[in-house]
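Right, one structure below, let's go through it.
The values are calculated or read from the model by the stated rules, or taken from the named source; none is laboratory data. Note that the structure is a prediction, hence the values are computed from the model and not measured. Here the Cβ positions follow ideal geometry from the backbone for every residue, glycine too, while neighbour counts run over all protein chains shown. Quick note on the areas: whole protein, heavy atoms, side chains included, nothing else; ligands and nucleic acids left out. Shrake-Rupley method; radii C 1.70, N 1.55, O 1.52, S 1.80 Å.
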Amino acid sequence: MALLVQGCNISKYIPPKKYLLEKVSIKGAPGEEQEELYSLLRQAPNTKILGFYKFNMWYCLLVDTQKKRNKWKRKVDKLTKERDGYEAKLAQTDSADTRERTRLENKITRTNVEIDNWVNREENRKKTVWEDPVLLDSTLLASSNVQIKAYLFNKGYYYDTVNFKVKIHGVKAYVTFNVKPGNAFYIHKIDYYIFDKRIADIVANDSANRLLKPGQKYDGEKINSERTRLTILLRNNGYYNFRRDYIYFEVDTSLGGNLVNVGLGIGNPTSRSRHRMYKIGAVFVEPEYVQNEKEIKDTMSYNGLYFISKELRIKPSVLSDYIFIHPGSIYSADDYQSTINRLSQLGTYKFIDIQYITDTTSKPDTGILNVVIKLTPYTKQAITPGIEFNTVEESQAQIATTRSLGSAISLPYLDKNLAGGAMSLQVKPYGSIELPFSVLQHFNALDTPTYQYGITASLIAPRLLVPWHLSEEARKRVGQTSFNVGYIVENNVQFQRNTLSANMTWQEKLSSNQTLSITPIEVSLVKTAYLSRSFDSSIVATHNPLLIDLFDQHLVTDFRIAYFINQQPLTTVKESYWYIRFSAETGGNVPGLIDALTSNKPRDSGAVTNKVFGINYYQYSKFEADGQYYIPVLRNNNLAMRLITGIGAPQAITGIFFPNTRSTELPFERQFYVGGANSIRAWKLRTLGPGSYLDPTGNTYYDKSGDIKLEANAELRFPIYKILKGALFVDAGNVWLFNNDTSRKGSGFYFNKFYKQIAVGTGFGLRFDFNYFVVRFDFAVPLRDPSIQTGSEWEVDELLRQSGWIPRNLQINLGIGYPF
């Protein structure tokens, strides 16, 4: 509140005859160029939070006072006096007394560091929290005017005018740049001037990929992009020494109207009539390279490559699959980069150095490139103990859904090159313990810990292990095959759950922004033992066959496929981008087939699934789509939006042919749920839905899941200062049952009702963005609760009527990373 009051008294902080730059507007510019023109301004107003309040500036003004400066000066004087005293004592200390001299020298060093911190206190704060008021500078405005005009000229607006006006209100200045762009120029014709016939043929044969075409608006950036494209094209066709400087453009505006002719030329090297094309000569690979090593090594040939080594750690038959530079082939920059990328993905080499040695003897128009590939390996094996602290939001079936404080310790063993096959093996035994947040309130919570222990093993091959031969283009794409096995024991006061799981996954990067993941087989065997008789009784008392089967031994098998588009995680974006994920999963087909062929027993009337070898198994199909869209708004702010849809059905492929094997419910582990730190944040995890169902007891949280899911999120993200970011968000959605459960009124999905059962929550968040990770606090309250069955579902009515409503309904979420 004090800051807002101070905002009315800005005049006392502004020097005489100076003006605070309050706003800068650009009018008349083409709409598609507006955002870029604002980025060219040499002087912009102080940062505003959410576009209206200059928090950083006011923080600076309130802290940067003469009183504060005097305090800092007194601190510097005091520390300087202390340092001088230490130096005087040091001068009087006997040189033989090394212990005392070392102590004094350390004190002097520490005091000097402290003095520097206080002397540079203001400068350091300017790098983080505060901003000095931006005062109007006519020189910078004139420079901005020139920048805007030059940019528009480069975009093809040749006869434009740009000027600016300044309006003064009190001590505040308002600047408006008025742009009157001329008519945009369009390309009439493109003429090529290429005097090297080999290069001319390459450019002509690639005409389908040209970025410049007649009829396009002239754009200097596209001209530069075409120059870059042609440079890459020629460097991929043997021209090792080709530079973009050889490419030049000429623009002829004499046609009249708003048309231009563009001339594209490619010059020849000085004193040569043609560019020299290169082919690959001999390729030498040194897989255990050590700088300045004098040891003599053996040379062996494999697949046209020469391996120089004393002891090949990776088999030549494996390593050669990751080297795409072949003797006799034309030089290609893409082959060089693909080799770097795939060798890096092995995770075996610390440094990868590829050197080309030119040989142009007696070859006027062609040359030979001999290649030396030096690979410096990592240590083959490693044990890296780890300890972590985290927060855990319970997602398993428990009598109450809680937030917990957790810590874990692991002792992973890693072999980065198993059996010389460039495969990595990781064996990771670990243990963890979680204490409910209530331990912060009363010590008795220590009696209810949850702990886990287990072991996981992963074997990862940095390529697709398939029974057929992969083409070189397929091998260039980044891919991997992983095999994972794990055994986990989870203990709490209610039960002990044992889970044995195994899966195999292929993953391939189809392009720079597309990834395909296929898990052909995944198997999980779960067995639970009750540790509490009351918990056992409470489960039986629900008469819910799905829940009862959950705590019985059961088997989940599945086939899964997922497709990602543009999966780069960005927290601040300068242009719009999409992230899309599609996934499909089907489970229980193999057990269902075995059951159908080996058993003639009818299913129990109350069972949700059948048994194979005496173990419950589930058949199901599940589909999910996750779309996210990020757009820049209000200069430095971003709007992030997400829409998730999912549907699951208790039927798989086998069930189509053998109806008697069909399950009637999805397995609990595969059902959808909402709520929690990464979903609808006004509700705890698994405490919302299904539909408008209201739990009469208020404590049965384990059934808050469903077969159908709809969720939408919108979040406005904005900077506050340096690492501290803020957000305003709205979340909406719910889950429903595929088959209506008469014991849970309102839980089924119906097209004429579902939109009335959407839950809505809102709130704000604080995020500490450390680049490598983000610590997030989100504070949310419900706006609409579909389970309210007495009057309006909109919680806003209660908010307006009741005092203390927000503290009672506030949900605080602690998370690592952004929610989406």
- Which one of 103, 74 is over 30 Å from residue 14 (Cα atoms), assigned to a helix (DSSP H, G or I), under 51 Å from the mean Cα position of the chain (by Cα) and of a type outside the set (A, V, I, L, M)? 103
- Message: Just the residues that are small (Gly, Ala, Ser) and surrounded by fewer than 16 Cβ atoms within 10 Å (Cβ to Cβ), please, taken from region 473-501.
- Response: 474
- Message: Please go through (1) of a type in the set (D, E, K, R); (2) in contact (Cβ under 8 Å) with a residue 24 or more places away in the chain; (3) touching a Ser or Thr at 6+ places or on another chain (Cβ under 7 Å) for residue 219 and return the number of the only condition it doesn't satisfy.
- Response: (3)
- Message: Filter region 606-628 down to the residues that are more than 13 Å from residue 581 (Cβ to Cβ) and not polar (S, T, N, Q) and list them by number.
- Response: 606, 607, 608, 611, 612, 613, 614, 615, 617, 618, 620, 622
- Item | Leading residue by the ranking (most open to solvent (accessible area, probe 1.4 Å)) among those in region 293-350 that are part of a helix (DSSP H, G or I) and of a type in the set (D, E, K, R) | 334
- For residues that are touching a Ser or Thr at 6+ places or on another chain (Cβ under 8 Å) and of a type in the set (A, V, I, L, M, F, W, C), scanning just region 56-110, find the one that is surrounded by the most Cβ atoms within 10 Å (Cβ to Cβ). 57
- Query: Given (1) of a type in the set (Ser, Thr, Tyr); (2) out of contact with any Pro (no Cβ under 9 Å at 6 or more places or on another chain); (3) more than 21 Å from residue 429 (Cα to Cα); (4) in contact (Cβ under 8 Å) with a residue 12 or more places away in the chain, where does residue 505 come up short, assuming only one miss?
  - Reply: (2)
- Message: Condition first: of a type in the set (Asp, Glu), at pLDDT 90 or above and under 25 Å from residue 460 (Cα atoms). Can you find one or more residues in region 293-313 that meet it?
- Response: no
- Query: Listed residues 213, 189, 222; which is open to solvent by 50 Å² or more (accessible area, probe 1.4 Å), assigned to a helix (DSSP H, G or I) and within 30 Å of residue 153 (Cβ to Cβ)?
  - Reply: 222
- Message: If a residue must be of a type outside the set (Val, Ile, Thr), in a helix (DSSP H, G or I) and more than 32 Å from the chain's Cα centre (by Cα), how many such residues does region 192-210 contain?
- Response: 8
- Task: May I ask you to verify whether residue 761 is at pLDDT 85 or above and either part of a loop (DSSP other than H, G, I, E, B) or not hydrophobic (A, V, I, L, M, F, W, C) (or both)?
- Result: yes
- Message: Which pairs turn up if I take residues in region 598-625 that are under 30 Å from residue 820 (Cβ atoms) and open to solvent by less than 10 Å² (accessible area, probe 1.4 Å) and look for partners that are at pLDDT below 80 and of a type in the set (A, V, I, L, M, F, W, C) with beta carbon separation below 7 Å, at least 6 apart in sequence or on another chain?
- Response: 620/652
- Query: In region 791-799, is there at least one residue being surrounded by 19 or more Cβ atoms within 10 Å (Cβ to Cβ), of a type outside the set (Ser, Thr, Tyr) and modelled with pLDDT under 90?
  - Reply: yes
- When region 664-688 is examined, which residues are found to be in contact with a Gly (Cβ under 7 Å, 6 or more places away or on another chain) and of a type in the set (S, T, N, Q)? 671, 678, 687
- Task: Take residue 784 and decide whether it is crowded, with 18+ Cβ neighbours inside 10 Å and more than 23 Å from the chain's Cα centre (by Cα).
- Result: yes
- Options 264, 255: the member that is part of a loop (DSSP other than H, G, I, E, B) and of a type in the set (A, V, I, L, M): 255
